[in-house]
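One structure is given below, encoded as structure tokens.
Please treat every number below as a calculation from the coordinates, not as lab data. Since we're looking at a predicted model, the values are computed, not measured. All Cβ positions, even for glycine, are placed from backbone atoms using ideal geometry, and neighbour counts span all protein chains on display.
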Amino acid sequence: MTTPRLRVRPRFAPAFLLPFLLLGLFLPALHCPQPASASPAKSKEKPYALIFGTVWGPDDQPVYGVKVNIRRAKDKPRKVRWELYSDHHGEFAQRVPAGEADYVIWADLKGIKSADGTPLRLVQEVTVHVYNDEREDTGLHLALQPHDNQ
């Protein structure tokens, strides 16, 4: 009967791994960060303001897929400068130029109805005032269209 020889495992890493371990120790010390002027993307980015909002349904739940229109207040009425849709959380966000300005926000509800088939209407257009390069939060509230009992 032959008994196998027991292998003794070395307590330290094999010698061929030593250069990689040393490189891992000294590599962070050799890293030289680039100066801020070296990143051209950040220096060319224009400042902006963010209009962020949520579309709320008649049951005070967020509504998905509603077309949201935004225009400057000094533009012609119903001129759409930005058009976007609410996401699955009922939220929308639009970058606008930084600087003091008023923006009018409304929802285009063509073909959108409640679960029971009643048409929806926008309670009112919302005006948002932007002062500089900040985020402005707002909400659009929808209501059920009243029935015409005649």
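Quick notes on this one:
- Potential lengthening of the chain between residue 115 and residue 102 amounts to 1.3 nm, from the contour at 0.36 nm per residue minus the alpha-carbon distance.
- Eligible lysines near residue 113 by straight Cα distance, threshold 29 Å, same-chain separation 8 or greater: 67, 76, 79
- 9 Å beta-carbon shell around residue 72, net charge (K/R +1, D/E -1): +2
- Local net charge near residue 132, Cβ-Cβ under 15 Å (Lys/Arg +1, Asp/Glu -1): -2
- Backbone phi angles across the range 105-114, fed through the Karplus curve with coefficients 6.51, -1.76 and 1.60 (θ = phi - 60°), yield HN-Hα couplings of 10, 8, 10, 9, 9, 5, x, 9, 10, 6 Hz in residue order; Gly and Pro are listed as x.
- Label point at residue 135 placed 7 Å out along Cα→Cβ; residues across the range 69-102 whose backbone nitrogen lies under 16 Å: 87, 89-96
- Our summary of shape: the Cα atoms of the range 47-111 have principal axis extents of 35, 25, 16 Å, ordered from largest down, in whole angstrom.
- The range 50-64 - phi-based ³J(HN,Hα) in whole Hz, Karplus 6.51/-1.76/1.60, Gly and Pro as x: 10, 9, 10, x, 10, 9, 10, x, x, 8, 6, 10, x, 10, 8
- Charge tally for residue 49 (other residues, Cβ to Cβ under 9 Å; Lys, Arg +1; Asp, Glu -1): -1.
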